[in-house]
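Heads up, the thing below is written out as structure tokens.
Each reported figure results from applying straightforward, stated rules to the coordinates on display, with no laboratory input. These numbers come from a predicted model, not from an experiment. Every residue, glycine among them, receives a Cβ derived from its backbone with ideal geometry; neighbour counts consider all protein chains shown.
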Amino acid sequence: MTPRWSGEWALEAPSEEPLVDVLIPSYGRAAELAVTLSGLAAQEGVPFRVIVSDQTEGEAASFMQPAVRAMVRVLEAQGHRVQLERHLPRRGLAEHRDYLLGLASAPFVLFLDNDVWLEPGSLVRMSRALEASGCGFIGSAVQGLSYLTDRRPHERIGLALWPDDEVLPERIRPGSEGFSRWPLHNAANLAHAAAELGIPQGEWRLYRVAWVGGCVLFDREALVACGGFDFWDRLPPGHAGEDVAAQWRVMERYGGAGIIPSGAVHLEAPTTVTDREIDAAHVILGQ
């Protein structure tokens, strides 16, 4: 269990090796990063380490901002190890993820964007689901809660649960049946799906995905066995879709699934990925 601070904030060292390394690639958005870290501070029931790699240029690294530093201190007070890295120059999203993966050593790695808040219980739920299913990754699709009143049943038609949460390998490419599932993660679709399914507290259901953005828990050995993000040097710095390429390679060999309820809330900040002309999945895997 997660160590807690005492009334005088005197702490014992963590007694458990982390099951999860939380990997956060960051660029700008210090306020959002602080909220992301606050969500991690609310997670219990699974030992984890946090690694933040910042690529903000200049003197003002995101993790030097007061709110971020405060949340780092909270995490450390709880007994979590927090590792803060500067990684420059910027060579693209895939290279940044490859760098973070190279720092990880825990059995599971959670790639978490720096604008996602996790509700309490999310990390232990994802970890248990990954252990139980034995697949390559479990993704919590981020939900935009400004869309809670925007119901889109037509985008949830493709929701298909894995029977008995038994996740099997599958191949996803543009034009395939599985690719058409991508609208499931629009707006607040999964929040609406969770309400309709009436899943009991603490339980979950796994479903078929095209891919998952923003919050994905991998079996580290499975991700590395499939190459991780080793394709970064085949891409120009300006690209997107590197997470899709990595997930599709893992799905073909080990399978991957989304989890309901998601528990991942998108902070709906403006994107920092403005150059999307190059689709990494297309370049690396083709259509």
Dipole of the chain, positive end: most advanced residue of Ser180, Val68, His266 [Cβ charges, Cα centre]: Ser180
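Given a Förster distance of 25 angstrom, what is the FRET efficiency for His154 paired with Ala67, based on the Cβ-Cβ distance and rounded to 0.05?
0.05
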Virtual spin-label span in nm between Arg234 and His282, 7 Å along Cα→Cβ: 1.6 nm
Surface/4 of the Cα convex hull for the stretch 210-287, nm²: 6.0 nm²
Antiparallel DSSP beta bridges within the chain, as percent of all bridges there, nearest 5: 40 percent
Contact order normalised by residue count of the chain, Cα under 8 Å, 6+ apart, percent: 23 percent
Whole-angstrom gap from the stretch 143-205 to the stretch 232-284, using each part's C-alpha centre: 17 Å
Order of Phe231, Phe137, Phe108 under a 10 Å beta carbon neighbour criterion, fewest first: Phe231, Phe108, Phe137
Spin-label pair Ile199/Phe179, simplified geometry with 7 Å Cα→Cβ offset, distance in nm: 2.8 nm
Structure-based [θ]222 nm, the chain - -39500 (n - 2.57) summed over DSSP H runs of at least 4, per residue, nearest 500: -8500 deg cm²/dmol
Separation of the Ala269 and Ala77 label points, Cα + 7 Å toward Cβ, nm: 2.3 nm
Distant alpha-carbon pairs in the chain (separation over 31 angstrom), percent: 24 percent
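Using a Förster radius of 22 Å, what is the FRET efficiency between Glu221 and Glu17 based on their Cβ-Cβ separation? Nearest 0.05, please.
Values: r = 15 Å, r/R0 = 0.70.
The value I calculate is 0.90.
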Longest segment of the chain lacking GluC sites (Glu not before Pro) that sit in a DSSP loop with at most 14 other Cβ atoms within 10 Å: 60-165
